[in-house]
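For reference, the structure discussed in these notes is given below.
Taken together, the values in this text are just the output of simple stated rules run on the coordinates, not laboratory data. As the structure is a prediction and not an experimental result, all values here were calculated from the model. Don't worry about glycine lacking a Cβ; one is built from the backbone with ideal geometry, like all the others, and counts go over all protein chains shown.
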Ligand code: NAD
Ligand code: LMR
């Protein structure tokens, strides 16, 4: 049996975690031969609820679940952790845009970045889920000067899964047969779900759909899906977000399927003309715990325009939190 890995999770008594923790403990995320130690973190008021979840996890008798520890602060909770899933945040309610959440959540992610810097394993892999996820990831990363910005990612895999699921439904294909869907940019309504490189059963997806359906129905449906779910459920997506987290981390750690690429919010290195330093969703391939941006994709004017629009929103968000971003340091390797 392998040595257990430590996974710290904030917001561990919340809705997403309520689906996620059971998937992780059953081996869906790190592999069926990888024991895990769960370091569960909540705000002090939610510790009793968290204790209840820990009891339920214990009662499932998962053989891969080595230990559970409970923490009411990130400084303890992030100690020596190999993975950090930053889910806890103030969620968006009906009628609120993600930018409304910027100030409220910026403080949380500043503290979390510092705590990761000071207490986590030096190779920690971080996924930010709490919204606005891209900019929160930027804040956390910039407050962790001894870690590389490449260790910080944000979740757009849920958007990618939505894009595949909805396309499958429209065309009658199985999601399994749909590959190379790309989400560019922000996890927000400006994101650009791009089907120009996508295939359905190895044939161009764009040749199998009408362009006006793509522009007028499909793109907005993916962009506004999160808000639609909030309207319908009265709270944001939870089980599907948990699935996106599992898919993101599994591929990052264990590698992407051959020939496939996946979308992750990562620090921009200037690829495709996107401003360096912002956390932007790119298509990547993962291998041996590392990711690389897929290069050389052909982009038409339609795509470029949309990629720029979502970049502009991220630059605006960055400007709004600039005062919380310490200067970049040597760790930007
Ligand atoms: P939730 O309100 O059900 O749970 C959040 C939990 O986080 C609560 O239990 C709360 O006590 C805890 N929390 C708040 N601040 C904390 C902190 N500083 N440290 C530790 N715990 C803290 O919300 P949820 O439905 O689980 O969603 C969590 C976040 O994920 C929200 O910001 C939501 O907008 C976001 N989200 C992102 C995506 C994505 O694709 N990126 C998808 C769905 C939801
Ligand atoms: C989602 O995409 O479902 C979430 O990000 C919803 C939200 O905005 O909280």
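So what's the angle, to the nearest 10 degrees on a 0 to 90 scale, between helix 239-254 and the longest Cα principal axis of the chain?
Taking the Cα atoms of the chain, the angle to 239-254 is about 90 degrees.
In deg cm²/dmol and to the nearest 500, what is the mean residue ellipticity at 222 nm of the chain if only DSSP H runs of at least 4 residues count, each as -39500 (n - 2.57), divided by the residue total? Don't skip to the end; give the middle numbers.
Working: 10 runs with 122 residues, N = 333.
About -11500 deg cm²/dmol.
Can you give me the Rg/Rh ratio for the chain, using Cα atoms for both radii and the Kirkwood formula for Rh? List each step's numbers first, then the result.
Values: Rg = 19.0 Å, Rh = 20.0 Å.
Rg divided by Rh gives 0.95.
Relative contact order of region 1-62, please, whole-number percent, based on alpha carbon pairs below 8 angstrom and at least 6 residues apart. Show your work: numbers first, answer last.
On the way: 67 pairs, mean separation 27.6, N = 62.
For region 1-62, the relative contact order is 45 percent.
Over region 5-154, what is the mean sequence separation of C-alpha contacts under 8 Å (at least six apart), divided by residue count, expressed as relative contact order in percent? Show your work: numbers first, answer last.
Values: 286 pairs, mean separation 35.0, N = 150.
Relative CO of region 5-154 lands at 23 percent.
Would you give the gap between the C-alpha center of region 63-92 and the C-alpha center of region 250-266, rounded to a whole Å?
That distance is 23 Å.
Mind listing the Cα extents of region 61-140 along all three principal axes, in Å, largest one first?
Projected onto the principal axes, the Cα atoms of region 61-140 cover 43, 31, 20 Å.
Can you quote the Å³ per residue value for the convex hull of the Cα atoms in region 102-146, rounded to an integer? Working shown, then result.
Numbers: hull volume 2.6 nm³, N = 45.
Measuring per residue, one finds 57 Å³ for the Cα hull of region 102-146.
May I ask you to derive the relative contact order of the chain, considering only C-alpha pairs under 8 Å and at least 6 residues apart, and to give it as an integer percent?
Numbers: 673 pairs, mean separation 58.8, N = 333.
Relative contact order for the chain comes out at 18 percent.
Given a Förster radius of 25 Å and the C-beta distance between residue 47 and residue 118 as r, what FRET efficiency does 1/(1 + (r/R0)^6) yield to the nearest 0.05? Present the calculation step by step, with values, prior to reporting the outcome.
Working: r = 22 Å, r/R0 = 0.90.
E between residue 47 and residue 118, to the nearest 0.05, is 0.65.
Can you divide the C-alpha Rg of region 5-154 by 2.2 N^0.38 Å and report the result to two decimal places?
Working: Rg = 14.7 Å, N = 150, 2.2 N^0.38 = 14.8 Å.
Ratio of Cα Rg to 2.2 N^0.38 Å: 1.00.
Between residue 111 and residue 269, 0.36 nm times their residue separation minus their Cα-Cα distance comes to what?
Details: separation 158, 0.36 × 158 = 56.88 nm, distance 2.53 nm.
Extra length available between residue 111 and residue 269 comes to 54.4 nm.
If you take every DSSP beta bridge fully contained in the chain, what fraction is antiparallel? Give it as a percent rounded to 5.
Numbers: 19 of 42 bridges.
Within the chain, antiparallel bridges account for around 45 percent of the total.
Evaluate the distance, in nm, between pseudo-label points positioned 7 Å from the Cα of residue 327 and of residue 169 along their respective Cα→Cβ axes.
5.1
At q = 0.16, 0.18 Å⁻¹, work out log10 I(q)/I(0) for region 157-318 with the Debye formula, treating every Cα as an identical point scatterer and leaving solvent out; two decimals please.
-0.94, -1.22
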